[in-house]
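Undergrad: Dropping a structure here in structure tokens format, bear with me for questions.
The values are calculated or read from the model by the stated rules, or taken from the named source; none is laboratory data. These figures come from a predicted structure and were not determined experimentally. Neighbour counts are summed over all protein chains in view; Cβ atoms, including those assigned to glycine, are modelled from backbone coordinates with ideal geometry. Remember, those area values only see protein heavy atoms, side chains included, never the ligands or the DNA or RNA. Shrake-Rupley method; radii C 1.70, N 1.55, O 1.52, S 1.80 Å.
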Amino acid sequence: MMRTTWIIARKDLRQRIRDRSALIVGILAPLGLAAIFSFVFNPISEFEFSADYVVVDEDGGPAARLFVDQVLGGLAASDDITVEELDTVDAARALVDVELDPFSDMETADAAFVIPAGFSSAVASPDEARLEVLASRGSSTAAGVAVAIAEQFAGEIQTARVAAATAEVLGAEGDRADTGFRALAIPSLASVVDAEATSKILDGTTFYAAGLAIFFLFFTVQFGVNGLLEERHAGTLPRLLAAPIPQAAIIGGKAITAFVLGVVSMVVLVAASTLMFGAEWGNPIGVFLLILAGIFSAIGIMGIVGAFAKTAEQAGLFSSIIAVVLGFLGGTFFPIGQAGGILSQLRFITPHAWFMQGLGDLAGGNVADVLPAVVALVVFGLVCGAASFYGVRKGLSR
Amino acid sequence: MTQRTLECSGLRKVFDDLVAVDDVGFHIDAGETYGLLGPNGAGKTTSISMISGLLMRDGGTVTVGGREMTTTSTDAKALLGLVPQDIAVYPDLTARENLTFFGRLYDMDGKTLKARADEVLEIIGLSDRADDRTEDFSGGMKRRLNIGIGLLHKPALLILDEPTVGVDPQSRNAILESVEHLSREGMAVLYTTHYMEEAERLCDRVGIIDHGQIKAEGTRRELVQMVGQHDRVRLETTGSVDAAVAALDALDGVAKSDGGDGSIELLVIEAGEHLTEILSVVTESGVAVSGVDIDEPNLESVFLHLTGRALRD
């Protein structure tokens, strides 16, 4: 049967090469669009976070110094954040309240932390301890991060208070306030380190190259999976069915055609986007695994359309609708996962999202990290492929 | 008993509530051309589709060379060559590539396939266009290639489904000559058509099909006799014909005669055998004959008799 399958696939591939449509849809269109998208959107996607903070310590107590020296001091150690300690609240407010003017050289701050007098005492007592954040209206992201830092510190204070109260109940010796400050000074046993998470975000060029590659892949595999409808339209299907070959060989030939077209299209796109635009796809083995699994899923899904559509024109229309909807939902045009909400979860009903997720995982890890995405894509391919095979066989054996 | 190349019986196919084919059966031996004659929509293509394993049947049996035909039986399909009604060639492949592709599906390869492809191209008269893409071919050339693909693997049974529809007279004649040649070489041919002239020229036996049923089957002569049809003879005359008509009525072979104004019309069994005798009787009766017109009954008139409508209705 394999011999016959290859004979049919070779014939189909020869036809595809001659009509050039697969070349246009599979390679030229995604490459051209990736280039345009990359040039247009790269400045946005490559935005890097930076913040300038000021702090006013009117308290000077142990809790206040802990915040200034350890929390803010730690942040200031990075190249992207500056922290300056000021003497007065007015001075801090003056920097934060400045109207943003891109042409002005005036010194500004994104947010100011104000530690009022009595803060440390309040921390050591059951009283409310206040830590104020003055946010600049013009820098919502950096100001939001400042609020998050303050809230994180407030949470740690609460934890220290609970620790001190617990120690007192258990009869521990010593001052309760002192116990609380010592608890507050203990570094977190487990802290969230975001170093890997930032490296999981694909750069703009790679994102658009990958997104458009998987998007157009669903159009490219159509040339194979809709082959049976085209044979029917051309009148050659009866001749194939009357030949002494298993029906599975005919279906297999179409699937192989789709697979070969998909592999060629994706490999050319990966190579071209890497060489021409500097896309960074990641470990080649991981990328290749994702490509194979992605093609498998695309053949399965588009095979369903090919199996149940009545004509090649109808299949083309349905396929286009499905490819566009899945492409948008799967985040091939914009990183829908960062939008949050139900969409960021819903995207995982599409192979596109798993493909992009797999590439992101590969960028921040190793080959093994793509396996969940590969498995998900293979499951898509198996389930949809089984349904389409059933539909095609039923259609052929009327 | 010798094995039939094709034997089918009780064929039945129902689409929803429509009985497309009902109890169709016939056989074809090697070297025999069997015609399935009927108007469009009579059930010819549905019958052929079941015979060639394209369509599952709701009833009946089909054997090709003693092997049972189903939609999945590759051994029976290997003995069969199909020429579908619609042109079934790939327009973006050359004539030779089309032949080679289908030849490979029949386990042909290498030099054997190349030699046979050349041979077939010669038979269908496309040797000089072998390496041209078929999208540039005329309708007649595509039809000829369509037939060439069907006979490439030298099938025991060649099925041609209305192969001359939309073909120019020259190509049509070439196709009919090819079929006659194949039959002489011992191939069994099943030929469907709604052209009475083709069935009369090519077919050893004819099955007349209408509304999914075989209405009658046999040689042309058997069918004509089956429905009691006679040759119609018209004589152009001068003078009184009454005496001549009375004398003709008494002749053997003359079933009926009528005299009119300047003519005599007769229904005759085998007009060719009795014409000399008829002319003698008429002239001996004092009537001068200025013209003779013989109208032999054909399958068209048989079809009309059997179904009450013409083939092209």
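Undergrad: Taking the highest mean first, how do the peptides A:65-77, A:264-276, B:25-37, A:352-364 order by number of other beta carbon atoms within 10 angstrom per residue? Walk me through the numbers before you get to the answer.
TA: On the way: A:65-77: 16.4, A:264-276: 18.6, B:25-37: 21.4, A:352-364: 24.5.
Order by mean packing, descending: A:352-364, B:25-37, A:264-276, A:65-77.
Undergrad: I would also like to ask the following. Across bins of 10 angstrom width beginning at 0, how are the C-alpha pair distances of region B:141-276 distributed, in whole percent?
TA: All Cα pairs considered, the percentages come to 10, 29, 22, 19, 14, 5, 1.
Undergrad: Right, next: Which cross-chain or sequence-distant (5 or more) residues have an amide H under 5 Å from the amide H of B:R67, H modelled 1.01 Å from N in plane?
TA: Result for B:R67 returns nothing.
Undergrad: Right, here's the next one. So, counting K/R as plus one and D/E as minus one, what does the shell of residues with Cβ under 14 Å around B:S127 add up to? Before the final figure, lay out each step's value.
TA: Values: positive: B:R96, B:K114, B:R116, B:R129, B:R144; negative: B:D118, B:E119, B:E122, B:D128, B:D131, B:D132.
Spelling it out: positives minus negatives among the neighbours equals -1.
Undergrad: Are there any residues in region B:66-86 with a reduction of at least 50 Å² in accessible surface when going from the isolated chain to the assembly of protein chains? Probe 1.4 Å, please list them by number.
TA: Those residues are B:T74, B:K77.
Undergrad: Residue by residue through region B:76-84, what is 3J(HN,Hα) from phi via Karplus (6.51 cos²θ - 1.76 cosθ + 1.60, θ = phi - 60°)? Round to whole Hz and write x for glycine and proline.
TA: Rounded to whole hertz, the list is 6, 5, 5, 8, 10, x, 10, 10, x.
Undergrad: Using the Karplus curve 6.51 cos²θ - 1.76 cosθ + 1.60 with θ = phi - 60°, what ³J(HN,Hα) values do you get for each residue of region A:66-75, in whole Hz, with x for Gly and Pro?
TA: So the Karplus estimates, Gly and Pro as x, are 4, 5, 5, 6, 8, 6, 6, x, x, 5 Hz.
Undergrad: Let me ask something else. Carbon and sulfur atoms: what percent of the 1.4 Å accessible area of region B:6-225 do they account for? Display every interim value, and only then the final one.
TA: Values: 3760 of 8360 Å².
The computed percentage sits at 45.
Undergrad: Taking the mean number of other Cβ atoms within 10 Å as a proxy for protection, how do you rank A:234-241, B:289-296, A:208-215, B:216-223 from highest to lowest?
TA: Order by mean packing, descending: A:208-215, A:234-241, B:216-223, B:289-296.
Undergrad: Based only on Cα atoms, what Rg/Rh ratio does region B:6-225 have, Rh being taken as Kirkwood's radius?
TA: On the way: Rg = 17.0 Å, Rh = 17.6 Å.
When Rh is taken as the Kirkwood radius, the ratio is 0.96.
Undergrad: Here's another thing I want to ask about it. Which one, B:A247, B:A88, B:A78, has the greatest fluctuation when you compute a Gaussian network model over chain B with C-alpha springs under 10 angstrom?
TA: Per the Cα network of chain B with a 10 Å cutoff, B:A247 tops the list.
Undergrad: Can you pull a Stokes-Einstein diffusion coefficient for region B:232-295 at 20 °C (1.002 mPa s), Rh from Kirkwood over Cα pairs, as a whole number of µm²/s? Walk me through the intermediate numbers first.
TA: On the way: Rh = 11.1 Å.
For these conditions, the coefficient is 192 µm²/s.
Undergrad: Here's another thing I want to ask about it. Rounded to the nearest 500, what is the 222 nm mean residue ellipticity of chain B from helices alone, with -39500 (n - 2.57) per DSSP H run of 4+ residues and division by all residues?
TA: On the way: 11 runs with 111 residues, N = 313.
Taking each H run of at least 4 residues, the total per residue is -10500 deg cm²/dmol.
Undergrad: Let me ask something additional. Can you give me the relative contact order of chain B as a percent, contacts being Cα pairs under 8 Å and 6 or more apart?
TA: Working: 628 pairs, mean separation 61.4, N = 313.
Reported as a whole number, the value is 20 percent.
Undergrad: No solvent, one uniform scatterer per C-alpha: report log10 I(q)/I(0) for region A:263-398 via the Debye equation at q = 0.18 1/Å, two decimals.
TA: Summing over Cα pairs of region A:263-398 leads to -1.06.
Undergrad: Using Stokes-Einstein with the Kirkwood hydrodynamic radius over Cα pairs, what translational diffusion coefficient do you get for the protein assembly as shown at 4 °C and a viscosity of 1.567 mPa s, in µm²/s rounded to a whole number?
TA: Numbers: Rh = 33.2 Å.
Diffusion coefficient, whole number: 39 µm²/s.
Undergrad: How big is the equivalent ellipsoid of region B:49-132 along its three axes, where each semi-axis is √(5λ) from the Cα gyration tensor, reported in whole Å from largest to smallest? Walk me through the numbers before you get to the answer.
TA: Values: eigenvalues 166, 43, 22 Å².
The three semi-axes for region B:49-132 are 29, 15, 10 Å.
Undergrad: Which value, in square angstrom to the nearest 100, describes the accessible area buried between chains A and B on both sides, using a 1.4 angstrom probe? Before the final figure, lay out each step's value.
TA: Details: alone 20800 and 14810 Å², together 33020 Å².
Adding both sides of the contact gives about 2600 Å².
Undergrad: Filter the DSSP H helices in chain B by two things, a Kyte-Doolittle mean of at least 0.0 and an axial alpha-carbon span of 15 angstrom or more, and list the hits by number. Show your work: numbers first, answer last.
TA: Values: long enough: B:95-105 (16 Å, -0.19); B:110-123 (20 Å, -0.29); B:139-151 (19 Å, 0.04); B:169-184 (22 Å, -0.76); B:271-284 (20 Å, 0.43).
Long hydrophobic helices here: B:139-151, B:271-284.
Undergrad: Just to confirm a number: summing +1 for Lys and Arg and -1 for Asp and Glu over residues other than A:V55 whose beta-carbon lies under 9 angstrom from that of A:V55, what do you get?
TA: Values: positive: none; negative: A:D57, A:E84, A:E85.
Overall, the nearby charge balance is -3.
Undergrad: Right, another one. I'd like the carbon and sulfur percentage of the solvent accessible area for region B:230-296, probe radius 1.4 Å, heavy atoms only, ligands and nucleic acids excluded. Write out the running numbers ahead of the final one.
TA: Working: 1630 of 3650 Å².
Of the solvent-accessible surface of region B:230-296, carbon and sulfur hold 45 percent.
Undergrad: Could you tell me what percent of the accessible area of region A:225-282 is made up of carbon and sulfur, with a 1.4 Å probe and every protein chain present?
TA: Taking all protein chains in place, region A:225-282 shows 72 percent carbon and sulfur surface.
Undergrad: List residues of region A:349-367, by number, whose backbone nitrogen lies under 11 Å from a label position 7 Å along Cα→C-beta of A:V379.
TA: Backbone N within reach: A:349.
Undergrad: A further question follows. Can you give the accessible area per residue of region B:6-225, in Å², using a 1.4 Å probe? Show your work: numbers first, answer last.
TA: Numbers: 8360 Å² over 220 residues.
In whole numbers, region B:6-225 has 38 Å² accessible per residue.
Undergrad: Can you list residues whose amide H is under 5 Å from B:A20's amide H, if they're 5+ apart or on another chain and H is modeled 1.01 Å from N?
TA: Here B:K13, B:V14, B:F15 satisfy the definition.
Undergrad: Continuing with the same structure: Hey, can you grab everything whose amide H is under 5 Å from the amide H of B:A216? Only 5+ residues off in sequence or another chain; H modelled, so Pro and N-termini drop out.
TA: Distant-sequence amide H within range of B:A216: B:I208.
Undergrad: Over all directions, average the projected area of the Cα convex hull of region B:200-313 and note it in nm². Show your work: numbers first, answer last.
TA: Numbers: hull surface 32.6 nm².
Mean projected area for region B:200-313: 8.1 nm², to one decimal.
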